[in-house]
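S.K.: Dropping a structure here in structure tokens format, bear with me for questions.
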Amino acid sequence: MGGTKRMSAEEKRKTILEIYHKTKQVYTEKEIHLLAAKAGVNANSIPDINQSLIDDALVEKEKIGGTNYFWSFPAKKDFMAQKQHEETLKEIEALKTKVAESEVKLADAKRGREDEDGERPKKLARLADLKKKAKDATAELESLKENDPQALADLEKELKLVKDAANRWTDNIFNCKSYLTKKRG
């Protein structure tokens, strides 16, 4: 047996699945291990491959008493393919309706944007010009706010309050210093 070639995981899956489909019988775990080993599948990988077939719903597993039974029939594979086909058709129909809805929305959006007498480009240029003028006017307003008489008056009032507070703290510090000098010497 030294000359046998190694099987890929996919080949092992196909080999084990063929065992189920050819015989169309129910097997215990031990029986499927023996048959798969005779078919050339590495004995150590049989449980993992069998579990992957169960996970993919290609093989059924049922525990009856203390024994696990496994089976798979060719009709199951056909049924799975048909089910997948039906799901794909439903997806296609859903996507077709989405495309139709999108086309309707696009037509509605274009309806108000028809170019009559070449006016649309002129209106768009005018809109851009007006936006630029509004931006410039806002910038000029911001620069003029610095020279606003009311803002300057508020700033001078705030400056006077800060100056008075600084003088008050300076007086307090000198009073504390003189008190401590008189008290301690």
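Derivation of every value follows stated rules applied to the coordinates shown; laboratory data play no part. As the structure is a prediction and not an experimental result, all values here were calculated from the model. Backbone-built Cβ (ideal geometry, glycine too); neighbour counts: all protein chains shown.
S.K.: Among the listed pairs 22/77; 22/76; 157/177; 12/38; 38/63; 12/83, which have their C-alpha atoms separated by more than 19 angstrom in this model?
M.R.: 157/177; 38/63; 12/83, as the Cα separations exceed 19 Å there.
S.K.: Given the convex hull of the Cα atoms of the chain, what is a quarter of its surface area in nm²? Spell out each step's value before the answer.
M.R.: Details: hull surface 154.4 nm².
Taking the Cα atoms of the chain, their convex hull projects to 38.6 nm² on average.
S.K.: Here's another thing I want to ask about it. What do you get for the angle between helix 29-38 and the principal long axis of the chain? Use alpha-carbon atoms, 0 to 90 degrees, nearest ten.
M.R.: Around 70 degrees separate the two axes.
S.K.: Which is the longest run of the chain containing none of the trypsin sites (Lys or Arg not before Pro) found in DSSP loop states (not H, G, I, E, B) with at most 11 other C-beta atoms within 10 Å? Please list the in-between numbers first.
M.R.: Values: sites that count: 5, 6, 24, 113.
For trypsin sites (Lys or Arg not before Pro) (loop position, at most 11 other Cβ atoms within 10 Å), the longest site-free span of the chain is 25-112.
S.K.: Another question about this same structure. Identify, among 121, 134, 172, the residue whose Cα sits farthest towards the positive end of the charge dipole of segment 98-185, taking +1 on the Cβ of Lys and Arg and -1 on the Cβ of Asp and Glu, with the dipole about the Cα centre.
M.R.: 172
S.K.: Name the longest site-free stretch of the chain, where the excluded sites are GluC sites (Glu not before Pro) in a DSSP loop with no more than 15 other beta-carbon atoms within 10 Å.
M.R.: Values: sites that count: 114, 116, 146.
Looking at the chain, 1-113 is the longest stretch - no exposed GluC sites (Glu not before Pro) with at most 15 other Cβ atoms within 10 Å.
S.K.: Let me ask you something else. Go through segment 155-161 residue by residue and turn each phi into a ³J(HN,Hα) via Karplus (6.51, -1.76, 1.60, θ = phi - 60°); whole Hz please, and just put x for glycine and proline.
M.R.: Per-residue couplings from phi come out as 5, 5, 5, 5, 5, 5, 4 Hz.
S.K.: Need one number: nm distance between label points at residue 161 and residue 136, each 7 Å from Cα along Cα→Cβ, rounded to one decimal.
M.R.: 4.0
S.K.: Rounded, prolate or oblate, given the Cα gyration tensor of segment 9-72, with a/c below 1.5 counting as rounded? List each step's numbers first, then the result.
M.R.: Numbers: a/c = 1.45, a/b = 1.36, b/c = 1.06.
It comes out rounded by the Cα gyration axes.
S.K.: Which value, in debye to the nearest 20, gives the size of the charge dipole of segment 121-185 about its Cα centre, when Lys and Arg are +1 and Asp and Glu are -1 at the Cβ?
M.R.: Values: 16 positive and 11 negative charges, 60 e Å.
Approximately 280 debye in magnitude.
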